[in-house]
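The values are calculated or read from the model by the stated rules, or taken from the named source; none is laboratory data. Computed from a predicted model, the values in this text were never measured in an experiment. Note that each Cβ is placed from the backbone with ideal geometry, even for glycine, and that neighbours are counted across all protein chains shown.
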Amino acid sequence: MTEEGNATTPARPPLPDHLSVDPRSPHYHAAVAEHAIGVRFNGRERHDVEEYCLSEGWVRVPAGRTLDRKGNALLIKLKGQVEVFYR
């Protein structure tokens with residue numbers, strides 16, 4: 001008897017309290033970024049979250065098409081209830 005689920009499914013690392021999708025950020029975790037992560041903000045799933053912090057209760061999302069002086073998306077911080085999960 002073999003357990004197929006454990007042999008083919010790689011273990012996912014625990015989700016950190018603070019995560020960014022930008023590889024230049026100190027809050028970027030490559031092991032976590034390999035997996036699809038979902039973010040629910042104030043009860044609604046968001047697909048545009050660039051960074052989050054669970055303990056402080058905020059997310060950073062792009063402000064439309066606005067760019068900063070270096071050509072990166074301008075991000076705004078929204079405060080509220082944040083939940084993260086693996087998809």
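Looking at region 41-69, which of its residues are loosely packed, with under 15 Cβ neighbours inside 10 Å and within 15 Å of Tyr86 (Cα to Cα)?
Glu45, His47, listed by residue number.
When region 15-35 is examined, which residues are found to be touching an Asp or Glu at 6+ places or on another chain (Cβ under 9 Å), of a type in the set (A, V, I, L, M) and outside any loop (DSSP other than H, G, I, E, B)?
Leu19
For region 70-87, enumerate the residues that are part of a loop (DSSP other than H, G, I, E, B), modelled with pLDDT under 95 and either surrounded by 12 or more Cβ atoms within 10 Å (Cβ to Cβ) or among the small types (Gly, Ala, Ser) (or both).
Result: Gly71, Asn72.
I need every pair where a residue in region 45-56 that is in a loop (DSSP other than H, G, I, E, B) has its Cβ under 7 Å from the Cβ of a residue that is among the β-branched types (Val, Ile, Thr), sequence separation at least 6 or different chains.
Once the first residue is in a loop (DSSP other than H, G, I, E, B) and sits in region 45-56, its partners that are among the β-branched types (Val, Ile, Thr) give Asp48/Val61; Val49/Val39; Val49/Val59; Val49/Val61; Glu50/Val21; Glu50/Val61; Leu54/Val82; Leu54/Val84.
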